[in-house]
């Protein structure tokens, strides 16, 4: 299905073509990029902190998971710092057997408990459904806060390419305002990225709607 949305802005017609697709293909290798080994992180409020520098380097360098603390723009795995993982990053790694989560007192946070923590938030639950789907397809998924979106999505990874996609997860209660879609599309176009809307379903499947700028 192809659908055009038009809005008048600054005496010009801006038009985006939205292509409804069931998938967005796959990233590098089209299979999950998982770091080697088994690593340990500690639950600290709403984050997981990996204190071992060697593990931090492996998790970031072999899959671009987490953010090195105090390192503004890491160049590969060449850093000496602990790693901060979001809850959804940590859950993905725990599900794949790559990460073990503990409390600061040494107690274990098992997979079921971590999943309950994530799914106790409707917001995190939706975001995780899309995050997991994209990671399983081989994409690298990072925060999209810089662009006002939920995620930036890479085929290769940060430092290896500029992210080709910015992605917003549809919450289900939002009204799809054509004006806001055009604004988001213009922003993504201005930074040479493709804007994608993701629609997660209750059964874990995700549909993606990709927007292209059409000139007339």
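A few points about this structure:
- A straight line joining the Cα centroids of the stretch 71-102 and the stretch 29-67 runs 3 Å.
- Sorted by Cβ density within 10 Å, fewest first, the residues 83, 126: 126, 83
- With both residues required to sit in the stretch 32-136, DSSP beta bridges show an antiparallel share near 75%.
- By the beta-carbon count within 10 Å of each Cβ, the least crowded to most crowded order of 203, 136, fewest first, is 203, 136.
- With the simple model of a label 7 Å out from the Cα in the direction of the Cβ, residue 71 to residue 52 spans 1.7 nm.
- Ordering 115, 202, 132 from the fewest to the most neighbouring beta carbons within 10 Å gives 202, 115, 132.
No value in this document is a laboratory result; all are computed from the given coordinates. Here the structure is a predicted model, which means the values were calculated and not measured. FYI the Cβ positions are ideal-geometry reconstructions off the backbone, even for glycines, and counts take in every protein chain you see.
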